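Everything below concerns the one structure shown next.
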Amino acid sequence: MGAAPKNADSAVFDEATQWFWRLKGGAATPEDRRAFEAWRKADPRHATAYEEAREVWDVVGELDDLRELATAPDFAPPAKGRFSAGGHVGVGFSRRSFAYAALAAGLALAFIIPAIVYTQPAWLLPNIHATRTAKTAEIVLPDGSAAELAPKSRLKVAYSDSERRVYLQSGEAFFDVRKGDARAFFVSSGDAEVRVTGTRFNVRQGATGVTVSVAEGHVEVRRHAPGDKTGASLAEARLSAGEEIAALESGEGLTDVVEAPPSAIASWRAGRLTYRGAPLREFIADANRYSEVSIVADASLLDLPLVASLRTDQIDATIDGLPDILPLEIDRSRKDRIVLRPAAGASN
């Protein structure tokens with residue numbers, strides 16, 4: 001974590017970044033795209049550098065903070081000159097393309113990129129924290145509370161004088177909230193909101209909705225209507241240690257409170273994934289946070305119940321063993337994807 005791109009020198013990466021922003025900005029002409037393909041195929045380092053630039057966008061470029069900057073109406077006017085990358089001259093920038101290019105100039109500095117994306121805290125986006133595939137991160141929040149991020153998760157911190165609030169934008173996180181602060185502590189994720197004063201709990205934004213599990217203390221969970229800004233809640237519940245509740249995407253309220261064994265709460269922190277009848281889609285979502293190879297399944301399989309406990313380094317072996325417990329077969333014909341299909345002769 002925090003290393004500069006290893007497979008492309010800074011000059012090549014700079015060219016790749018310029019190309020990426022030009023294509024992403026929507027101003028590229030067919031001639032530009034042909035020139036880009038020629039540049040990409042001219043040297044293996046070019047393709048590698050372009051993929052690294054694209055990966056930066058996947059983690060950073062879609063963050064609201066950058067998107068708002070890129071579309072700001074008072075941003076500097078477009079340059080009158082002409083863009084050049086790899087010796088190719090194209091048309092002038094639009095206002096948005098110019099903004100993209102300005103961001104690219106910063107991103108092209110290899111020592112800044114890791115600070116933006118992975119260093120805690122990041123000097124450019126100090127309130128945004130994100131993790132990569134199979135990587136976790138421990139974050140100290142402004143009040144001394146702690147948050148541990150699971151792989152491929154994203155957290156935004158928004159503290160104020162009246163409240164402590166964080167947004168779990170994707171993935172999963174375990175919180176250890178510091179006591180003694182008069183401000184309430186909120187975690188917002190999807191339509192769910194958790195309110196605490198000092199406790200330890202896990203929040204997961206999964207394939208079926210948001211799940212809250214309490215390891216210590218008490219929390220209040222509320223379900224809001226999508227897009228509601230009034231603060232009104234559709235449902236509320238109070239959880240104690242060893243309890244769990246979910247705000248499912250398929251419903252409008254909250255599920256019943258169920259028991260959550262201590263060993264199962266945030267078991268990912270100990271390198272284990274536990275499923276007690278969870279739908280297969282939840283396992284697939286987790287597996288994709290640890291695997292560099294994309295895992296997908298036929299829609300007819302996604303709701304099959306799975307009971308399993310495995311180490312996070314056993315995901316591949318677990319996938320190989322799924323046909324023994326579920327009516328499916330595995331297609332590994334592609335190097336970049338594992339596909340789960342209904343077993344031949346299986347009835348839906």
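Every number here is computed from the coordinates shown, using simple stated rules; none is lab data. Predicted, not measured: the structure shown is a model, and the values here were computed from it. Note that each Cβ is placed from the backbone with ideal geometry, even for glycine, and that neighbours are counted across all protein chains shown.
At 0.36 nm per residue, and after removing the present C-alpha to C-alpha distance, how many nm does the segment from ASP313 to LEU248 gain when stretched out fully?
Gain on stretching ASP313 to LEU248: 20.6 nm.
Could you list the square roots of 5 times each eigenvalue of the Cα gyration tensor of the range 235-274, that is, the equivalent ellipsoid semi-axes, sorted largest first and rounded to whole Å?
The equivalent ellipsoid of the range 235-274 has semi-axes of 22, 13, 7 Å.
Multiply the residue separation of HIS218 and GLU51 by 0.36 nm, subtract the distance between their alpha-carbon atoms, and state the gained length in nm to one decimal.
Extra length from HIS218 to GLU51 when fully extended: 55.7 nm.
Enumerate the calculated ³J(HN,Hα) couplings along the range 196-203 in order (Karplus 6.51 cos²θ - 1.76 cosθ + 1.60, θ = phi - 60°), each rounded to whole Hz, writing x wherever the residue is Gly or Pro.
Per-residue couplings from phi come out as 9, 10, x, 6, 10, 7, 10, 10 Hz.
To the nearest µm²/s, what D does Stokes-Einstein give for the range 182-287 at 37 °C and 0.692 mPa s, using the Kirkwood radius over alpha carbon pairs as Rh?
232
Using a Förster distance of 22 Å, how high is the FRET efficiency between ARG272 and ARG337, based on the Cβ-Cβ distance and rounded to 0.05?
0.30
Express in whole angstrom the spacing between the alpha-carbon centres of the range 150-192 and the range 198-228.
Cα centroid of the range 150-192 versus Cα centroid of the range 198-228: 10 Å apart.
Suppose we take every Cα in the range 234-308 and form the convex hull; what volume per residue is that in Å³?
113
Taking the range 221-348, how much of its Cα-Cα pair set, in percent, is spaced more than 18 angstrom apart?
Cα-Cα pairs of the range 221-348 separated by over 18 Å account for 62 percent.
Residue by residue through the range 16-22, which ³J(HN,Hα) values in whole Hz follow from phi under the Karplus form 6.51 cos²θ - 1.76 cosθ + 1.60 (θ = phi - 60°), with glycine and proline marked x?
Taking θ as phi minus 60°, the curve returns 4, 5, 4, 5, 4, 5, 5 Hz for the range 16-22.
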